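Quick one: structure below, then a few questions.
The values are calculated or read from the model by the stated rules, or taken from the named source; none is laboratory data. Please read these numbers as outputs of a predicted model, since none were measured by experiment. Heads up, the Cβs are rebuilt from the backbone with ideal geometry, glycines too, and the neighbour counts pull from every protein chain shown. Remember, those area values only see protein heavy atoms, side chains included, never the ligands or the DNA or RNA. Shrake-Rupley method; radii C 1.70, N 1.55, O 1.52, S 1.80 Å.
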Amino acid sequence: MTVVAERDEREGVAGDVVSAARAVARDLDSGTELVPRLRAAGLLGMSSPAGPAADPEAVLHACEALAEANGSAGWLLAAAQYSGVLHWAAPEIRKKIPSDAFVTGTAGIAGTLRRESSCYRISGHWPAVPGAVSADWFALFVRSREGPAVVLLPAEEVRTSIDIEPLGFDAAECRAVLLEGVQVATANVFDPFGPSRATGSATLPVALAARQAAAAVALGLARRALYEFTSTARHRSRLGSVERMAEQPLLQQELNRTVSAFRAARELLLAETRRLPRLPAALPTISRGSRVMLAAAQFHAQDSALAAVRFAFAKAGGTALYTGHPLESRWRDSEALAQQQLFGEASERDMARAQFGSYVSPMVL
């Protein structure tokens, strides 16, 4: 299974960012404080205007590497990609937020905005926001009379509460964000779905950037699950069997098909990512057709990765069903990711409509 465990070492993939992510991944353990490690490595602001201007392929490799080592670390880094909305903010707002600030968010429009004479009022409930405990700023998507918008709020103005016990990502500090009539300055409310005002960074539309990072987390979880499974299969046998799992022809065949499907989906996502225009100024004007193809590849990558994790967990033998097995946390994280709005049934239906040219929410494309 070296084909699953090996790393991509391609040149020209914002090597510093990817190398930093892989260095953090090598040193992670269960007791590591994740956000301080990501900040020290310079990874939290890699999609912000003040950051290292990581391109979409670098984001994919970085999030994948971290998720392979630790699902919660990968999910925190994926959430930090919401700092990309700063490309659409006014210069005076961008200046307030340093490059190492942790700007977190979550997919979905879960609040409303009311205009007053000199400000806005925001209310809403955003469940399971990653990194809410350690965040410096929150990027929250809302409905307004003018259409969907994003609101930037500093952490001290946000109230959080513990969600119902999550299925996975239990070290990602996920909390619900609750706001009721909170006053927001006009400059902190803007449209992140139009052309980018940035000239020095390769930015994707908000939904595509968020899904790119989330799909990378799915890929990392699957890579680790397949590695854990093959390691187990080499020396373990099923209950009632005298031969090792690795010696069973039917299981070998199933593994080969699963790995091939997973690798093909991963390569498709990489291929669509590499088709993006390389000039930063061209990315905000990426065609609708290209956006649909990239989004379709992101959905497919996550779905194939989920299937790979489910295969590994189901076939690993009886111990996989008990708490503490290495595969259990990968399975829990993968299932939690599958429930995210970025990959939910509603988003899939919108993607199907987009394939036929119908209008879909900007939170999808």
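Among rounded, prolate and oblate, which fits region 72-178 when a ≥ b ≥ c are the square roots of the eigenvalues of its C-alpha gyration tensor, a/c under 1.5 means rounded, and a/b larger than b/c means prolate? Walk me through the intermediate numbers first.
Numbers: a/c = 2.00, a/b = 1.33, b/c = 1.51.
Oblate, because a/c is 1.5 or more while a/b does not exceed b/c.
Would you mind checking which residues have amide H under 5 Å from VAL158's amide H? H placed 1.01 Å from N; only 5 or more apart, or other chain.
The answer is none.
What number comes out for accessible area per residue over the chain if the probe is 1.4 Å? Units Å², please. Display every interim value, and only then the final one.
On the way: 16160 Å² over 365 residues.
Value returned for the chain: 44 Å² of accessible area per residue.
What does the net charge come to around VAL364 if you take all other residues with beta carbon closer than 13 Å to its beta carbon, with K and R at +1 and D and E at -1? If you can, show how the numbers build up before the last one.
Values: positive: ARG211, ARG288, ARG291, ARG349, ARG353; negative: GLU345, GLU348, ASP350.
Overall, the nearby charge balance is +2.
What is the chain by shape, rounded, prolate or oblate, if you read a ≥ b ≥ c off the alpha carbon gyration tensor as root eigenvalues and call it rounded for a/c under 1.5, prolate for a/b larger than b/c, and oblate otherwise?
Numbers: a/c = 1.85, a/b = 1.65, b/c = 1.12.
Cα axes put the chain in the prolate bin.
For the chain, take the longest principal axis of its alpha carbons; what is the angle in degrees between that and the long axis of helix 56-69, to the nearest 10 within 0 to 90?
So the inclination is approximately 50 degrees.
Note down the nm distance, to one decimal, between modelled labels 7 Å out along Cα→Cβ at ALA346 and at GLU247.
So the label points at ALA346 and GLU247 sit 5.3 nm apart.
Only four residue types carry charge here, +1 at the Cβ of Lys and Arg and -1 at the Cβ of Asp and Glu. Report the dipole size of the chain about the Cα centre in Debye, rounded to the nearest 20. Walk me through the numbers on the way to the answer.
On the way: 38 positive and 38 negative charges, 134 e Å.
Dipole magnitude for the chain comes out near 640 debye.
A further question on this structure: Report the relative contact order of the chain, percent, no decimals, based on alpha-carbon pairs under 8 angstrom and at least 6 residues apart. Write down the numbers at each step before the final one.
On the way: 680 pairs, mean separation 65.5, N = 365.
Reported as a whole number, the value is 18 percent.
Something else now. Between the helical axis of 249-274 and the dominant principal axis of the chain, each derived from Cα atoms, what acute angle in degrees is found, rounded to the nearest 10?
Here the helix axis deviates by roughly 30 degrees.
Kindly report, to the nearest 10 Å², the accessible surface of PHE193 as traced by a 1.4 Å probe over protein heavy atoms only.
Surface open to solvent at PHE193 totals about 60 Å².
For the chain, give the percent of accessible area contributed by carbon and sulfur heavy atoms, probe 1.4 Å, rounded to a whole number.
On the way: 8170 of 16160 Å².
So the carbon and sulfur contribution to the accessible surface is 51 percent.
Here's a follow-up. Please report, in debye to the nearest 20, how large the charge dipole of region 44-97 is about its Cα centre when each Lys and Arg carries +1 at its beta carbon and each Asp and Glu carries -1 there. Let's see the in-between values first.
Values: 3 positive and 5 negative charges, 74 e Å.
Computed charge dipole of region 44-97: roughly 360 debye.
Here's another thing I want to ask about it. Let me make sure I get this right: for region 66-106, a, b and c are the square roots of the gyration tensor eigenvalues over alpha carbons, sorted descending. Under 1.5 in a/c it's rounded, otherwise prolate if a/b > b/c, else oblate. Which is it?
Numbers: a/c = 3.95, a/b = 2.68, b/c = 1.47.
Prolate.
If you line up the long axis of helix 345-355 against the longest principal axis of the chain, both from Cα atoms, how many degrees apart are they, to the nearest 10?
80
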